[in-house]
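To start, the structure under review is shown below, and the notes come after it.
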Amino acid sequence: QVQLVESGGGLVQAGRSLSLSCAASRTIFSFDTMGWYRQAPGNERELVVTAPRSGGRVYADSVTGRFAFIRDNAKNMVYLQMKSLKPEDTAVYYCYAREGDANYWGQGTQVTVSS
């Protein structure tokens, strides 16, 4: 079983930056895909960014150019660097990983952007 633990959420003013971290309980090298999702109150969970092990990143249109996904295999960590935050970015952010048919999720970290 893999555990993913997010951290770095909080309250931030619009226009500012925030960086989220996700620590895995074991090596992430074998994960086919890692990424971040988010869920705002009353909304379904939506993709923020997905990053296959082979390389490349696919970002949601709403965050393209503002968010960046970083994967550090040596530290078993992934990060989501967010800049120019907007109130509509307010949500619980979830780290996820996929390995074969198995999907793993973190517990989520709250990001609140005030206007």
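A compact table of results
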quantity	calculated
Unit charges on C-beta of K, R, D, E only; dipole of the chain, Debye	340
Cut-off 14 Å between beta-carbons: net charge of the residues surrounding Gly55, Lys and Arg +1, Asp and Glu -1	+2
Carbon/sulfur fraction of accessible area - segment 72-115, other protein chains in place, 1.4 Å, %	45
Charge tally in the Cβ shell below 14 Å around Arg66, where Lys, Arg are +1 and Asp, Glu are -1, Arg66 excluded	+2
Trypsin sites (Lys or Arg not before Pro) within segment 29-101, DSSP loop, no more than 14 other Cβ atoms inside 10 Å	Lys83
Cα-Cα P(r), the chain, percent of pairs per 10 Å interval	15, 51, 29, 6, 0
Accessible area of the chain divided out per residue, in Å², using a probe of 1.4 angstrom	52
Spacing of the two label points (7 Å from each Cα toward its C-beta) at Gln81 and Gln110, in nm	2.7
Per-residue SASA entry for Val58, accessible area with 1.4 Å probe, Å² rounded to 10	80
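The values are calculated or read from the model by the stated rules, or taken from the named source; none is laboratory data. A quick note: this is a predicted structure, and the numbers were derived from the prediction, not measured. All Cβ positions, even for glycine, are placed from backbone atoms using ideal geometry, and neighbour counts span all protein chains on display. Note: accessible area is taken over every heavy atom of the protein model, side chains too, but ligands, DNA and RNA are not part of it. Shrake-Rupley method; radii C 1.70, N 1.55, O 1.52, S 1.80 Å.
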